Structures are given as C-alpha cells and as structure tokens.
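First comes the structure, then the notes that go with it.
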C-alpha cells in the first residue's frame, strides 16, 4: 500500500483519540482512497483493502513522528494535534481536525500560539475549559471538509 499511497491522495489518521474514524472509512470506500490508521495501541479497523493500520508503540510522539515523516502533498492528515498539524503543513500535506476545521499555513501560527498560552495558564494552576462537546455539526463539517480535500487533491 505504501507505493500506492505515494502517487495518489491518501489519508493518515492520528487515531488514538479520533472521533471520526467511521466517517473516514465511509469516505474512503466511496471515493476509493487508501487510509492508514496510526495509533500507539492496537485498534480494530475494518477488514478492507483500502484500510490499513500501524501500531507505533507508546513512545512520546511516536504516532506523530510516524505521520509527519510520511506526510507530503498527496496526504490528508486527520488530527486534533496542533503541533503535528504544523509539521504536516510544512511537509505540504492537507490537514483537517476531527471537527472539520482545516489547519492552514495562514492559521497554524495563531493556533500554535494559543496552544502555548493555554499550556502556560494550565501550568500556572488556572482552571480553563476544554473544547466544546463534539456534535453532529462537527461530523457534518468534517465529512464535507474531507470530501473537498480528496476532490481537490485528485485534480
């Protein structure tokens, strides 16, 4: 599958906490796009020739490193990890968060800065809320963003 993935659009999923894996599989089947599910622990994936998985172990950032090393202009990366998104964008990949929001070269700097500020606040003992609950609108936005990304890369 690696040789096929290099020449046409393919999807790499930062899978350990990804809430839209089923949606990714549906898009993959419909548009015939290969998917690699990358995780630190074994996850069940559908038995389908377009879906593969790799377990990278539990080393710090092992899944992120694996994904970033393989990201290129034909890759769609699905992740909520801002630092991984930054690395993949620098490699030319298209990056979409599970809520359907795209990470772009023009938005990633602000996202990295906000992440750093929030980490500082948490380290200082401030109690800050997390992201809003994941909902139907997020799933719908994600499906639309993933469809658009695949179609754009096919052109």
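Values as computed for the structure displayed
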read-out	value
Ranked list, fewest to most other Cβ atoms within 10 Å of each Cβ, for 134, 60	60, 134
Tensor-based shape of region 19-76 (alpha-carbon gyration tensor, a/c under 1.5 rounded, otherwise prolate or oblate)	oblate
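Only the coordinates and a few stated rules stand behind these numbers; no lab work does. What you are looking at is a predicted structure, and each value in this text was computed from that prediction instead of being measured. Because the Cβ atoms are built from the backbone with ideal geometry, glycine has one as well, and the counts that use them run over all protein chains shown.
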